[in-house]
Amino acid sequence: AAVLSGALGRTAGENAGLYDFTVGTANAGANYVIALSPTAGQFSIDRKAISFSVANSSSVFGTVAVPGAVTFNGLLPNDVVAGTIVVRNAQNQAITLAAGTGVGGFGVSLSGLTGAAAGNYVLATSGNTPGVLTINKATLNLVVANTSKEFGAPNPAFGFTATGFVAGDTAATLVGSS
């Protein structure tokens, strides 16, 4: 009578992927040798779903805005991943941030993972918290020149000097009357 003892094993590895089974410590006694079928199954380590949260952030027009910090939920200790950040405008179009990105609110989320442990994880399809990047108006300073008029006369043109232009704007881009 054959007595099966021990345990099957698998090829070494702890990252997500497929691993072949091995005889391991399995023993079928003195009269049998254990051979695994060429069509033996495989052992699978599946990628772990993790969720993310993006902190809200703000900036001022004329500077390159920086999205808020990303926090991952569900990572194993010592694993390091980063996210591929996507910033979307009000029309849900992906944009690239620059010093001239206009004023407004922009959605910030992730579209993928990068880093040494990224292959062991997948972004969860629920439980994620996107952030909002708000780009606020820059301050334009006007120094208005002293002006006077005689009583009953129409107002003269008011002269001023403007400072604080950013993102390539100049006094030539001002619209309106002085």
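In square nanometres, what is the average projected area of the Cα convex hull of the stretch 1-153?
16.9
Rounded to the nearest whole Å³, what is the per residue volume of the convex hull around the Cα atoms of the stretch 46-120?
102
For a quick check of understanding: with a 1.4 angstrom probe and all protein chains in place, what accessible area in square angstrom does SER148 have, to the nearest ten?
100
Over the chain, what is the relative contact order in percent, taking alpha-carbon pairs closer than 8 angstrom and at least six residues apart?
The value is 20 percent.
For the stretch 1-43, what is the accessible area per residue in Å², given a 1.4 Å probe and the full set of protein chains?
Solvent-accessible surface per residue comes out at 76 Å².
Put +1 on the Cβ of each Lys and Arg and -1 on the Cβ of each Asp and Glu in the chain; which of ALA35, ASN128, SER58 then has its Cα farthest toward the positive end of the dipole?
SER58
Quick one: P(r) of the stretch 134-178 from all Cα-Cα pairs, 5 Å bins, percents rounded to integers, in order of increasing distance.
Here the calculated profile for the stretch 134-178 is 5, 16, 23, 19, 14, 9, 7, 4, 2, 0.
Ignoring ligands, DNA and RNA, what percent of the 1.4 Å accessible area of the stretch 70-174 is carbon and sulfur?
56
Which residue fluctuates the most in the chain, going by a Gaussian network model with Cα springs under 10 Å, if the choices are SER51, SER37, SER126?
SER37
Using the beta-carbon distance between PHE21 and ALA116 and R0 = 25 Å, what value does 1/(1 + (r/R0)^6) give for FRET efficiency, to the nearest 0.05?
Computed FRET efficiency for PHE21 and ALA116: 0.35.
The values are calculated or read from the model by the stated rules, or taken from the named source; none is laboratory data. Just so you know, these numbers come straight off a predicted model, no measurement behind them. Backbone-built Cβ (ideal geometry, glycine too); neighbour counts: all protein chains shown. Quick note on the areas: whole protein, heavy atoms, side chains included, nothing else; ligands and nucleic acids left out. Shrake-Rupley method; radii C 1.70, N 1.55, O 1.52, S 1.80 Å.
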